[in-house]
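Trainee: Below is one structure. I have some questions about it.
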Amino acid sequence: MRANLKNSVVCNKNYLKSLLEYIGATIMGVKPSELRNVMICNCGDCEYWKYCKKTILSYEEIGILELKSLNNKRRKKVIFYHQSSLNDYLQQKNNLKFLQGLGYPKEYNLELYLKHLKRRLESDKFPHEIGIFFGYPLKDVLAFMGYLDLEPSGYGEWKFYGNDRISKLQQKRFDQARKKFKDQLTELDNISRFYEAL
(Lines give C-alpha, C1' and ligand atoms only; values in the text may rest on other atoms or scores of the structure.)
Protein backbone atom coordinates (compact mmCIF):
# COMPACT_ATOMS: atom_id res chain seq x y z
CA MET A 1 0.00 0.00 0.00
CA ARG A 2 2.80 2.42 0.92
CA ALA A 3 4.61 1.62 -2.36
CA ASN A 4 1.42 2.34 -4.33
CA LEU A 5 1.01 5.69 -2.59
CA LYS A 6 4.62 6.64 -3.32
CA ASN A 7 4.17 5.65 -6.99
CA SER A 8 0.97 7.71 -7.24
CA VAL A 9 2.70 10.83 -5.88
CA VAL A 10 5.49 10.47 -8.47
CA CYS A 11 2.92 9.76 -11.19
CA ASN A 12 0.81 12.81 -10.27
CA LYS A 13 3.85 15.12 -10.10
CA ASN A 14 5.16 13.91 -13.47
CA TYR A 15 1.77 14.54 -15.07
CA LEU A 16 1.57 17.98 -13.41
CA LYS A 17 5.01 18.94 -14.76
CA SER A 18 4.01 17.87 -18.27
CA LEU A 19 0.74 19.82 -18.10
CA LEU A 20 2.45 22.94 -16.73
CA GLU A 21 4.93 22.87 -19.62
CA TYR A 22 2.04 22.80 -22.13
CA ILE A 23 0.27 25.77 -20.54
CA GLY A 24 3.42 27.71 -19.64
CA ALA A 25 2.67 30.63 -21.99
CA THR A 26 -0.72 31.05 -20.30
CA ILE A 27 0.73 30.81 -16.80
CA MET A 28 3.15 33.59 -17.78
CA GLY A 29 0.24 35.71 -19.06
CA VAL A 30 1.58 35.82 -22.63
CA LYS A 31 -1.15 33.58 -24.06
CA PRO A 32 -4.57 34.48 -22.61
CA SER A 33 -5.91 30.92 -22.54
CA GLU A 34 -5.34 27.35 -23.63
CA LEU A 35 -7.71 24.44 -24.35
CA ARG A 36 -6.32 21.05 -23.32
CA ASN A 37 -7.48 17.46 -22.94
CA VAL A 38 -6.53 16.35 -19.43
CA MET A 39 -6.40 12.90 -17.86
CA ILE A 40 -9.00 12.47 -15.15
CA CYS A 41 -8.70 8.74 -14.53
CA ASN A 42 -7.82 7.27 -11.18
CA CYS A 43 -5.40 4.44 -11.80
CA GLY A 44 -4.77 2.92 -8.44
CA ASP A 45 -4.07 5.82 -6.12
CA CYS A 46 -3.27 8.25 -8.96
CA GLU A 47 -5.75 11.10 -9.29
CA TYR A 48 -4.15 13.16 -12.04
CA TRP A 49 -6.76 15.83 -12.57
CA LYS A 50 -7.73 16.29 -8.92
CA TYR A 51 -4.08 16.84 -7.97
CA CYS A 52 -3.29 19.08 -10.95
CA LYS A 53 -6.38 21.23 -10.57
CA LYS A 54 -5.75 21.91 -6.89
CA THR A 55 -2.10 22.76 -7.55
CA ILE A 56 -2.71 24.98 -10.58
CA LEU A 57 -5.46 26.93 -8.82
CA SER A 58 -3.00 27.74 -6.02
CA TYR A 59 -1.79 30.49 -8.39
CA GLU A 60 -4.60 33.05 -8.10
CA GLU A 61 -4.10 34.52 -11.58
CA ILE A 62 -5.03 31.22 -13.28
CA GLY A 63 -8.62 30.14 -13.77
CA ILE A 64 -9.97 26.81 -14.98
CA LEU A 65 -13.11 26.12 -16.98
CA GLU A 66 -14.04 22.43 -17.18
CA LEU A 67 -16.14 21.18 -20.06
CA LYS A 68 -18.21 18.03 -20.29
CA SER A 69 -16.14 14.85 -20.22
CA LEU A 70 -15.24 13.34 -23.56
CA ASN A 71 -16.72 10.00 -24.62
CA ASN A 72 -13.53 8.50 -23.27
CA LYS A 73 -14.22 8.90 -19.54
CA ARG A 74 -10.51 9.06 -18.78
CA ARG A 75 -10.14 12.53 -20.30
CA LYS A 76 -11.90 15.88 -20.29
CA LYS A 77 -11.50 19.21 -22.07
CA VAL A 78 -10.36 22.09 -19.89
CA ILE A 79 -9.71 25.75 -20.61
CA PHE A 80 -6.86 27.23 -18.58
CA TYR A 81 -6.87 31.02 -18.59
CA HIS A 82 -4.79 33.87 -17.20
CA GLN A 83 -7.43 36.15 -15.75
CA SER A 84 -5.90 39.59 -16.31
CA SER A 85 -4.36 38.68 -19.68
CA LEU A 86 -7.63 37.24 -21.04
CA ASN A 87 -9.63 40.11 -19.59
CA ASP A 88 -7.37 42.66 -21.33
CA TYR A 89 -7.38 40.82 -24.67
CA LEU A 90 -11.14 40.32 -24.84
CA GLN A 91 -11.75 43.98 -23.99
CA GLN A 92 -9.72 45.25 -26.94
CA LYS A 93 -12.23 47.27 -28.92
CA ASN A 94 -12.29 45.21 -32.12
CA ASN A 95 -12.24 41.85 -30.32
CA LEU A 96 -15.12 42.91 -28.09
CA LYS A 97 -17.15 44.27 -31.00
CA PHE A 98 -16.67 41.03 -32.93
CA LEU A 99 -17.68 38.79 -30.02
CA GLN A 100 -20.73 40.92 -29.25
CA GLY A 101 -21.73 40.64 -32.90
CA LEU A 102 -21.72 36.85 -32.43
CA GLY A 103 -24.13 37.04 -29.49
CA TYR A 104 -21.81 37.48 -26.52
CA PRO A 105 -23.31 39.78 -23.84
CA LYS A 106 -23.38 43.49 -24.67
CA GLU A 107 -22.22 44.28 -21.15
CA TYR A 108 -18.71 42.87 -20.85
CA ASN A 109 -17.89 40.58 -17.93
CA LEU A 110 -15.14 37.95 -18.10
CA GLU A 111 -17.12 35.33 -16.20
CA LEU A 112 -20.20 35.80 -18.42
CA TYR A 113 -18.08 35.58 -21.58
CA LEU A 114 -16.48 32.35 -20.38
CA LYS A 115 -19.90 30.88 -19.54
CA HIS A 116 -21.14 31.85 -23.00
CA LEU A 117 -18.08 30.24 -24.60
CA LYS A 118 -18.60 27.10 -22.52
CA ARG A 119 -22.21 26.78 -23.73
CA ARG A 120 -21.01 27.17 -27.30
CA LEU A 121 -18.24 24.58 -26.83
CA GLU A 122 -20.72 22.09 -25.42
CA SER A 123 -23.12 22.60 -28.33
CA ASP A 124 -23.05 20.75 -31.66
CA LYS A 125 -21.20 23.50 -33.55
CA PHE A 126 -17.60 24.37 -32.63
CA PRO A 127 -17.18 28.11 -31.85
CA HIS A 128 -14.21 29.17 -33.97
CA GLU A 129 -14.21 32.56 -32.27
CA ILE A 130 -12.37 30.73 -29.49
CA GLY A 131 -9.24 31.88 -31.34
CA ILE A 132 -9.80 35.32 -29.79
CA PHE A 133 -9.75 33.74 -26.32
CA PHE A 134 -6.45 32.05 -27.26
CA GLY A 135 -4.89 35.37 -28.24
CA TYR A 136 -4.80 34.74 -31.99
CA PRO A 137 -4.83 37.89 -34.16
CA LEU A 138 -8.36 38.98 -35.01
CA LYS A 139 -7.62 39.08 -38.76
CA ASP A 140 -6.75 35.37 -38.70
CA VAL A 141 -9.91 34.45 -36.78
CA LEU A 142 -12.08 36.56 -39.09
CA ALA A 143 -10.51 35.09 -42.24
CA PHE A 144 -10.76 31.52 -40.95
CA MET A 145 -14.45 32.06 -40.21
CA GLY A 146 -15.06 33.57 -43.66
CA TYR A 147 -15.63 37.16 -42.54
CA LEU A 148 -12.49 38.49 -44.27
CA ASP A 149 -11.32 37.66 -47.77
CA LEU A 150 -7.63 36.96 -47.08
CA GLU A 151 -5.45 34.25 -48.56
CA PRO A 152 -3.83 31.70 -46.21
CA SER A 153 -0.19 32.66 -45.65
CA GLY A 154 1.19 30.14 -43.18
CA TYR A 155 0.68 27.99 -40.11
CA GLY A 156 1.59 27.99 -36.45
CA GLU A 157 -0.81 26.86 -33.73
CA TRP A 158 -3.44 28.35 -36.02
CA LYS A 159 -3.77 29.23 -39.71
CA PHE A 160 -2.27 32.60 -40.72
CA TYR A 161 -3.97 34.83 -43.30
CA GLY A 162 -2.86 37.84 -45.30
CA ASN A 163 0.28 39.60 -44.07
CA ASP A 164 1.70 37.06 -41.64
CA ARG A 165 4.06 39.41 -39.76
CA ILE A 166 1.73 39.92 -36.76
CA SER A 167 0.77 36.24 -36.74
CA LYS A 168 4.39 35.04 -36.73
CA LEU A 169 5.28 37.54 -34.02
CA GLN A 170 2.42 36.33 -31.82
CA GLN A 171 3.39 32.69 -32.38
CA LYS A 172 6.99 33.52 -31.50
CA ARG A 173 5.87 35.19 -28.27
CA PHE A 174 3.89 32.06 -27.29
CA ASP A 175 6.81 29.74 -28.12
CA GLN A 176 9.36 31.84 -26.25
CA ALA A 177 7.15 32.07 -23.16
CA ARG A 178 6.64 28.28 -23.11
CA LYS A 179 10.37 27.66 -23.43
CA LYS A 180 11.26 30.22 -20.77
CA PHE A 181 8.72 28.79 -18.33
CA LYS A 182 9.86 25.21 -19.03
CA ASP A 183 13.50 26.18 -18.42
CA GLN A 184 12.63 27.95 -15.16
CA LEU A 185 10.47 25.03 -14.06
CA THR A 186 13.43 22.65 -14.17
CA GLU A 187 15.22 24.79 -11.58
CA LEU A 188 12.44 24.44 -9.00
CA ASP A 189 12.77 21.99 -6.12
CA ASN A 190 9.02 21.87 -5.51
CA ILE A 191 6.92 21.63 -8.71
CA SER A 192 3.73 22.44 -6.80
CA ARG A 193 5.12 25.97 -6.28
CA PHE A 194 5.42 26.47 -10.04
CA TYR A 195 4.43 30.16 -9.80
CA GLU A 196 7.84 30.84 -8.24
CA ALA A 197 9.27 30.26 -11.72
CA LEU A 198 7.64 33.48 -12.92
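Trainee: On a 0 to 90 degree scale, rounded to 10, what angle separates helix 110-121 from the longest Cα axis of the chain?
Mentor: Rounded to the nearest ten degrees, it is 90.
Trainee: In square nanometres and to one decimal, what's the mean projected area of the convex hull around the Cα atoms of the stretch 47-114? Don't skip to the answer; put the middle values down first.
Mentor: On the way: hull surface 22.3 nm².
Reported value for the Cα convex hull: 5.6 nm².
Trainee: A follow-up question, please. Considering only Cα-Cα distances, which of the following residue pairs are longer than 23 Å: K76/K159; K93/K180; K53/K182; K139/K179; K13/K168?
Mentor: Cα-Cα > 23 Å for K76/K159; K93/K180; K139/K179; K13/K168; rest within.
Trainee: Over the chain, with the other protein chains present, what is the accessible area per residue in square angstrom, probe 1.4 angstrom? Each step should come with its number before you reach the end.
Mentor: Details: 11370 Å² over 198 residues.
That works out to 57 Å² for each residue.
Trainee: Ok, one more. Pull out a ≥ b ≥ c, the square roots of the eigenvalues of the alpha-carbon gyration tensor of the stretch 83-186, then state rounded if a/c is under 1.5, prolate if not and a/b is larger than b/c, and oblate in the remaining case. If you can, show how the numbers build up before the last one.
Mentor: On the way: a/c = 1.85, a/b = 1.19, b/c = 1.55.
The shape class here is oblate.
Trainee: Ok, one more. State the percentage of accessible surface on the chain attributable to carbon and sulfur atoms; use a 1.4 Å probe and exclude ligands, DNA and RNA. Walk me through the numbers on the way to the answer.
Mentor: Numbers: 5530 of 11370 Å².
In the chain, the share of accessible area belonging to carbon and sulfur is 49 percent.
Trainee: With everything on Cα atoms, drop me the angle between helix 2-22 and the longest principal axis of the chain, reported from 0 to 90° to the nearest 10.
Mentor: Helix 2-22 sits at roughly 20 degrees to that axis.
Trainee: Which peptide among 135-143, 47-55 comes first, and what is the full order, when sorted by highest mean count of other Cβ atoms within 10 Å? Don't skip to the end; give the middle numbers.
Mentor: Numbers: 135-143: 22.0, 47-55: 18.3.
Most protected by this proxy first, the peptides run 135-143, 47-55.
Trainee: If you don't mind, there's one more thing I want to ask. Contact order normalised by length for the chain, with contacts defined as Cα pairs under 8 Å and 6 or more residues apart; what percent is it? All intermediate terms of the calculation are to be shown ahead of the outcome.
Mentor: Details: 252 pairs, mean separation 42.5, N = 198.
Computed over the chain, the figure is 21 percent.
Trainee: When the Karplus curve 6.51 cos²θ - 1.76 cosθ + 1.60 is applied with θ = phi - 60°, which whole-Hz ³J(HN,Hα) does each residue of the stretch 80-86 get, with x for Gly and Pro?
Mentor: Values, residue by residue: 9, 9, 8, 4, 6, 5, 5 Hz.
Trainee: To the nearest µm²/s, what D does Stokes-Einstein give for the chain at 25 °C and 0.890 mPa s, using the Kirkwood radius over alpha carbon pairs as Rh? Present the calculation step by step, with values, prior to reporting the outcome.
Mentor: Values: Rh = 18.1 Å.
D = 136 µm²/s.
The values are calculated or read from the model by the stated rules, or taken from the named source; none is laboratory data. Every value quoted in this text rests on a predicted model; they were computed, and no experiment measured them. All Cβ positions, glycine included, derive from the backbone under ideal geometry; neighbour counts span all protein chains shown. Each accessible area value is taken on the protein alone, full model and side chains, heavy atoms only, with ligands, DNA and RNA left out. Shrake-Rupley method; radii C 1.70, N 1.55, O 1.52, S 1.80 Å.
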